[in-house]
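The values are calculated or read from the model by the stated rules, or taken from the named source; none is laboratory data. Everything quoted here is computed from the prediction, not taken from an experiment. Cβ placement follows ideal geometry from the backbone for every residue including glycine, while neighbour counts extend to all protein chains displayed. Side chains are part of the model used for accessible areas, which takes the heavy atoms of the whole protein and leaves out ligands, DNA and RNA. Shrake-Rupley method; radii C 1.70, N 1.55, O 1.52, S 1.80 Å.
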Amino acid sequence: MNDFWTTILDFAQTTTVRVGKQLMQDFGQVQASQKADGSLVTQADKWADQEIRDAIASSFLGYGILSEESDQSFPGTEWCWVIDPLDGTTNFTRGIPIWTISLGLLYRGTPIFGYIYAPTLNQAFHGFWAGSSGLATPTGAFLNHHPIHTSID
């Protein structure tokens, strides 16, 4: 894996672990309100969204950001991070330990990297896929840095 992809992976891991530690403090302790689309949002969602957007902006100048909790118009940039800072807000507010922090990276609209961190399980899933992007990316899917595969069934 070259330095660029190592930087991407390290950023995703470091950022989600840091944000996850704070979210664990709020887990099952916050109240949700309803957004205009009927989905739930908490102050924890909003805090995590801002933390992740700030981290991206300071580490990846010129990259777009598309987030569930903020601007939802697709930016006209070659590279774009897609974030759901607290995926599973209903479970989070009810103390059900199945929620994640989700990050994706698009290149010219093609999803090429994804990272999901589940703080309550201390599990991180990530994967690379070049698709038709023309990029030389690592390949595969991983759980806590160990390769995972689909069943032959």
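Annotation: Gly140 fulfils all but one of (1) over 20 Å from Phe4 (Cα atoms); (2) more than 16 Å from the chain's Cα centre (by Cα); the unmet one is (1).
Residues that are surrounded by fewer than 16 Cβ atoms within 10 Å (Cβ to Cβ), closer than 18 Å to Ser58 by Cα and of a type in the set (Ser, Thr, Tyr) within the stretch 1-34 comprise Thr6, Thr7, Thr14, listed in sequence order.
Beta carbons closer than 6 Å, at least 6 apart along the sequence or on distinct chains, pair a first residue in the stretch 1-15 that is within 15 Å of Phe125 (Cα to Cα) with a second that is in a helix (DSSP H, G or I) and hydroxyl-bearing (Ser, Thr, Tyr) for Phe11/Ser59. Among the residues of the stretch 35-57, the one identified as under 19 Å from Ile116 (Cβ atoms), among the acidic types (Asp, Glu) and open to solvent by 50 Å² or more (accessible area, probe 1.4 Å) is Glu51.
With Ile83, Ile65, Ile56, Ile112 as the choices, which residue is under 23 Å from Val30 (Cα atoms) and of a type in the set (A, V, I, L, M)?
Working: Ile65 fails: under 23 Å from Val30 (Cα atoms); Ile56 fails: under 23 Å from Val30 (Cα atoms); Ile112 fails: under 23 Å from Val30 (Cα atoms).
Step by step, each of Ile83, Ile65, Ile56, Ile112 is checked, and only Ile83 is under 23 Å from Val30 (Cα atoms) and of a type in the set (A, V, I, L, M).
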